[in-house]
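Peer 1: Mind looking over this structure? Questions follow.
Only the coordinates and a few stated rules stand behind these numbers; no lab work does. Here the structure is a predicted model, which is why all the values come from computation and not from measurement. Every residue, glycine as well, gets a Cβ built from its backbone with ideal geometry; the counts of neighbours run over all protein chains shown.
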Amino acid sequence: MTNAIEVHALAKSFGRTKALDGLDLTVRTGEVHAFLGPNGAGKTTTIRILLGLLRKDGGTASLLGGDPWRDAAALHARLGYVPGDVTLWPNLTGGEIIDLLGRLRGHPPDAQRKQALIERFALDPAKKARAYSKGNRQKVALIAALASDAELLILDEPTSGLDPLMEAVFRDCVGDERRRGRTVLLSSHILAEAEALADRVTIIRDGRTAETGTLTELRHLTHITIDAELAGPVSLAGLAGLHSVELDGPRLHCEVDPAALNDLLRRLTAVGVVTLTSRPPTLEELFLRLYSSERPTARATR
Amino acid sequence: MNGFAGTAVITRLALRRDRIMLPAWVYLITAGLASTAYTFRKLYPTAAARAAFAVTGGGNPALRFLYGRLYGSSTGALTVWRYGIWAALFGALMTIFIVIRHTRADEEAGRQELMGSAVVGRQAALSAGLLAAATANLALIVLLCLALPLTGLPAAGSVALALAIAASGLAFTGIAGVAAQLASGARGARGLAFGVLGAAFVLRAIGDSAGPGGPAWLSWASPLGWVELTRPFGGPRWWVLALSLGLAAAGALVAYALAARRDYGAGLLPDRPGPATASRWLRGPATLAWRLQRGALAGWAGGVACVFAVSGAAAKGIGSLLGSSAQLRDEFTRLGGETAITSAYLAALMLLAGLAAAGYATSVLVGLRAAETGGLAEPLLATAAGRLRWGLSQLAVAGAGAAVLLATAGLAAGLGYGLRTGAAGPQAARLLGAALAQLPAALLPPAVAMALVGVWPGGAVAGAWTALGAVAVIDLFGQALGLSHWLLDVSPFTHTPRLPGGPVSAAPLLWLSLAAVALGVFGLAALRRRDLG
């Protein structure tokens, strides 16, 4: 089996609102896959269908080779999940909940590993859940998922309540998990996190897949930023694929399509280059371009 | 900052949020009273007929326990006797729901944090809750003063009854305000206020049904008792209203004083740290459901044990109440004499136990839906515990809890009665059996709740409580209201043998059980098929 998650043309409506409208998502076994999209794009709906909490209206979805609706309980024994909005039983302690979730999954967590994670995330396991802040509730769910032996981790915006220190711990942990061969589906808003962790990325908008691929592949979809200081004045006339050109004597700032980069550089070196920086687009720029091209309409998040 | 800043805005918000629930409560309470008055007028049109009914009904201790004292034999007096205290009880329930909803429930959900960050004083939310409840009680006064004279009741008595019921509602407004400060969450606050309401009902029930030399004064210790003691249609004692209003004011003052000292989100008792690891037995949805319910069940069982022990003890001497007139004695001999009257009283107790058990089990099953909308079902169902085990676990805890409550009620009533008559063992066994005979009927309303959670999640909570309320109304008032036979048959308790004293037959118990199981299975099957969340 090479794909942990395979979703094709997935559709789901709530009444008249179409939450998902032909979504595709493929997560290969052993990779960290970032699942990106603006609020209300359908990330959580997709995850809930994958968990068998919602029934799909159309398309196909397979999770670890099984049907997420029919084989829900059997599949859940093999995955760990951190909800986007973690709610815990207020009168149980964090430690009790971590143990309970592990046992419910069928594999009680290894005590040593659990203890190590509790220390790493600096969680007080003896506190009642009602006394935890949002970040601490998230830590409880994260520790329960990471301490398990699950093949697949589904993390829905897992760091939205964590402080930067804990975010770094989280990144280290996900790195460790990848090295151990676990598959991670990471839904996120935090682009730096996806950029640092993900092997591949899927960006969705309005319930559809907008782009999918490795970051390198996606970068080809957008412009490269060039800042150069030249030996003399240059003429850029006749060059295709240039955008927002600012030419101020010997200084040049512009954006260029990846395909047109060679032509531009030839023109520049002909004049003589003093300094040159060329920067690939950040995920953020990619993201902004994908969303600003068409203003997404507000959709109810479920 | 002024502690009351923003009260007006928040009160308007509260009333807007209650724009359906509040008028519905007020309407139902008024409709209950008006239809009781109308029915008595139709069933007993002459003074002679009413007088005869007053002798048998007003003198029967079992009926006095359930409904209260009868002052006079006018239609108005009969109406107050049969429904006045219950109308006040429903009014108190409405009040408690409103106050807690706009204080602790909002605080727990975090909405108050958002509001409190605006120009809103720390007493504003409490004030809004109290004012919303007061508004509901004022609306009740207006509607009752309009509706009751229309059924032919005298105007002065109608006003007195309306004021008495609303004043008792205001007293419970204060009590709910205090409960909202003491408990550490909305559920605890509601439980505390309901506990006080239950105690008020039982105090007056024992006082009202007490025989000669019995503790009749207990009725004066209960805000619900004050409603009947105002004697709306038997020469009104207006000054009794001052007791309710005084309690309301005292409650509000204590609530404000506590609210000024309390931290946001905290009760008066701080949280202690718990175990850092889960105990060995906490390992599945069933043990989790038990762990989450055991505290509430212990509270219910404790309350039930006190109430039924005292009520059972009050059964002794109930038959001797009627020594006074020859006419009364003849009437009661016709009804079966002292043994039959005591049995009828104990059977009425068992019916109340059945309703309490049904209420507890319904609250547990409605909890399934609350877990779903509150986000607690999601982490559970993302594990290998399937929906079926989740639902079954909750059903098991609800059913076992109902059985525990009924057994507690039967044993406590039997011991209370038996210790006073010198036969504790046999009476405890007899009433334990009588209580457990209510179990199949008590499981039917929660089974309806389960079915609703399965097929109609959006309306399940309201639907389940409405079903239980309908059953309670049919059992308590169906015969007095002259409801048609098929409507009486809707309540499962109509089919349960009247125990102790009545003939025992297993057939209805069997098919009631089957119906409960079928509904539960149907609900579980539907729950497996639908979207969650």
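Peer 1: Expressed in whole Å with the largest first, what are the equivalent ellipsoid semi-axes of chain A derived from the C-alpha gyration tensor as the square root of 5 times each eigenvalue?
Peer 2: Working through the eigenvalues yields semi-axes of 43, 23, 17 Å.
Peer 1: When chain A is modelled as a GNM with alpha-carbon springs shorter than 10 Å, which of A:184, A:174, A:273 fluctuates the most?
Peer 2: Comparing A:184, A:174, A:273 in the GNM, the peak value goes to A:273.
Peer 1: Taking K and R as +1 and D and E as -1, what net charge do the other residues with C-beta under 12 Å from the C-beta of residue A:274 add up to?
Peer 2: -1
Peer 1: Which of A:259, A:223, A:249 sits closest to the plus end of the dipole of the range A:223-280, meaning its Cα is farthest towards the positive end, when Lys and Arg get +1 and Asp and Glu get -1 on the C-beta?
Peer 2: Of the options given, the answer is A:259.
Peer 1: Under a Cβ-only charge scheme (Lys and Arg +1, Asp and Glu -1), can you give me the dipole magnitude of chain B about the Cα centre, in debye to the nearest 20? Spell out each step's value before the answer.
Peer 2: Values: 38 positive and 17 negative charges, 66 e Å.
Magnitude of the dipole: close to 320 debye.
Peer 1: While we're on this one: Checking the a/c ratio against 1.5 first, then a/b against b/c, what shape does the Cα gyration tensor give for the range A:1-92?
Peer 2: rounded
Peer 1: How are the Cα pair distances of the range B:21-130 distributed, in percent, across 5 Å bins from 0?
Peer 2: 2, 11, 16, 15, 11, 9, 8, 7, 7, 6, 4, 2, 1, 0
Peer 1: Assign unit charges at the C-beta atoms only (+1 for Lys and Arg, -1 for Asp and Glu), then state the dipole size of the range A:223-280 relative to its Cα centre in Debye, rounded to the nearest 20.
Peer 2: 160
Peer 1: Follow-up. Over the range B:74-231, what relative contact order in percent results from Cα pairs under 8 Å that are six or more residues apart?
Peer 2: 31
Peer 1: Across the range A:47-54, in residue order, what do the Karplus-derived ³J(HN,Hα) couplings come to in whole Hz, using 6.51 cos²θ - 1.76 cosθ + 1.60 with θ = phi - 60° and x for Gly and Pro?
Peer 2: Once rounded to whole Hz, the list reads 5, 5, 5, 5, 8, x, 7, 10.
Peer 1: Shifting gears a bit: Taking 8 Å as the Cα distance limit and 6 or more residues as the minimum spacing, I'd like the relative contact order of the range B:283-533 as a percentage.
Peer 2: RCO, the range B:283-533: 26 percent.
Peer 1: Next question, about the same structure. To make sure I understand, if each residue's beta carbon is the centre and we count other beta carbons within 10 Å, what order do B:485, A:243, A:223, A:189 fall in, fewest to most?
Peer 2: B:485, A:243, A:189, A:223
Peer 1: At 37 °C and 0.692 mPa s, grab the translational diffusion coefficient of chain B from Stokes-Einstein with a Kirkwood Rh over Cα pairs, rounded to a whole number in µm² per second.
Peer 2: Translational D for this selection: 135 µm²/s.
Peer 1: Something else: Lys and Arg at +1, Asp and Glu at -1: add these up for the other residues within a Cβ distance under 13 Å of residue B:187 and post the number.
Peer 2: +2
Peer 1: Mind checking which of B:345, B:238, B:308 is farthest towards the positive end of chain B's charge dipole, using Cβ charges of +1 (Lys, Arg) and -1 (Asp, Glu) about the Cα centre?
Peer 2: B:308
Peer 1: Taking only C-alpha pairs under 8 Å that are 6+ residues apart, what is the relative contact order of chain A in percent?
Peer 2: RCO, chain A: 21 percent.
Peer 1: Using Cα springs under 10 Å in a Gaussian network model of chain A, which residue among A:198, A:72, A:228 shows the largest mean-square fluctuation?
Peer 2: A:228
Peer 1: Please compute P(r) over all alpha-carbon pairs of the range A:223-280, binned at 5 Å starting from zero, and give each bin as a whole-number percent.
Peer 2: Spelled out bin by bin, the range A:223-280 gives 4, 21, 37, 29, 9, 0 percent.
Peer 1: Hey, if you put +1 on the Cβ of every Lys and Arg and -1 on every Asp and Glu Cβ in the protein assembly as shown, which of B:167, A:207, B:429 ends up farthest toward the positive end of that dipole?
Peer 2: Of the options given, the answer is B:429.
Peer 1: Listing B:53, B:90 from the residue with the fewest other Cβ atoms within 10 Å to the one with the most, what is the order?
Peer 2: B:53, B:90
Peer 1: Taking 1 over the mean of 1/r across every pair of different Cα atoms in the protein assembly as shown, what Kirkwood radius in Å do you get?
Peer 2: Every distinct Cα pair counted, the radius reaches 30.8 Å.
Peer 1: Now, a different point. Could you put B:262, A:103 in order, starting from the residue whose Cβ has the fewest other Cβ atoms within 10 Å? Write out the running numbers ahead of the final one.
Peer 2: Values: B:262 15, A:103 21.
Ordered by Cβ neighbours within 10 Å, fewest first: B:262, A:103.
Peer 1: Can you give the charge dipole size of the protein assembly as shown about its Cα centre, rounded to the nearest 20 debye, using +1 on the beta carbon of Lys and Arg and -1 on the beta carbon of Asp and Glu?
Peer 2: The dipole of the protein assembly as shown has a size of about 2640 debye.
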